[in-house]
Structures are given as C-alpha cells and as structure tokens.
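Asks: Got a structure for you, questions after.
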Amino acid sequence: MASTPSLSDILRDHQASQLEHKRTSEQYRRDAVRDIGSLCDTATVSLSDQLARIHTAQREIEALARDCAHLVQQHVRSTAKWTKMVDQFSDALKELGDVRNWAGVIERDMLDVAATLEIVHASLNPSTAMPPE
C-alpha cells in the first residue's frame, strides 16, 4: 500500500510549487518590463526620426515661403514699374493726338486766313484777281 503524504510533505510541496510559480511569474514580469522598455525605446527612436524629418521639412517650407514672398515682392515692384511706363506711354499718345488735333485746327485756320486775305486782296486790287479754280 502506498503511503499517504504527510501534511508537512504536502506543505513543502506546496511551498516549492509556490516558489517555482513566484520565480516564473517574476521572470515573466522581468521579460515584460524588458520588452516594454524595448518597445518604448523603438517607438521613441521612430518618433524622434519622424519629428526630425518633419522639422527639416518645416524649415525647408519656411525657406521656400520666404523665397516666394521675396519673388512676389519683386514681381509687384516690376509690375508697378511696367504700369507706370504704360501710363506714361498712354499719356504721350494722348498728347500726340492733342498735338495732331491742334495742328489740324491751326491748318484749317491758316487756310481760312489765306482765303480771307485772297478775298481782301482781290477786292482791293480787282485787276490782279486770280480766276477761281
């Protein structure tokens, strides 16, 4: 017949089992802490790399925005100069038109004066009158 284990044997087996369970649990906890630390380190490195790329891209975008603003300002100044030149050219054309119109008026007035002088001359000197054309 097999002997039944004594209470102290059961207690010792239970304590040994508990100790083994505690050691296993502690090992699992250490492994979990190590793995979580490794995961955090990997996530931190990945995020740091992404943030560095984002920061670099942001600086490049800001530099491009400054360059673009500078080019826009140059374009505005250039456009203002061209607008001024076109306005001056337009004014010169208007003045040229005014001079041409004035010359036409003077020419008509001179023709009227010449015709009037011919009439007066003809009336004062009937013998030198020119035949009508």
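The values are calculated or read from the model by the stated rules, or taken from the named source; none is laboratory data. In this text, all values refer to a predicted model and were calculated from it rather than measured experimentally. Quick reminder, even Gly has a Cβ in these numbers, built from the backbone with ideal geometry, and neighbours come from all protein chains shown. The accessibility values were calculated without ligands, DNA or RNA, using every heavy atom of the protein model including side chains. Shrake-Rupley method; radii C 1.70, N 1.55, O 1.52, S 1.80 Å.
Asks: Kindly indicate which of 7, 11, 51 is among the hydrophobic types (A, V, I, L, M, F, W, C) and either exposed (fewer than 10 other Cβ atoms within 10 Å of the Cβ) or in contact with a strand residue (DSSP E or B) (Cβ under 6 Å, 6 or more places away or on another chain) (or both). Can you show your working first?
Replies: On the way: 11 fails: either exposed (fewer than 10 other Cβ atoms within 10 Å of the Cβ) or in contact with a strand residue (DSSP E or B) (Cβ under 6 Å, 6 or more places away or on another chain) (or both); 51 fails: either exposed (fewer than 10 other Cβ atoms within 10 Å of the Cβ) or in contact with a strand residue (DSSP E or B) (Cβ under 6 Å, 6 or more places away or on another chain) (or both).
Only one candidate qualifies: 7.
Asks: I need a count of the residues in segment 74-130 that are open to solvent by 100 Å² or more (accessible area, probe 1.4 Å) and not in a helix (DSSP H, G or I).
Replies: Residues meeting the conditions: 1.
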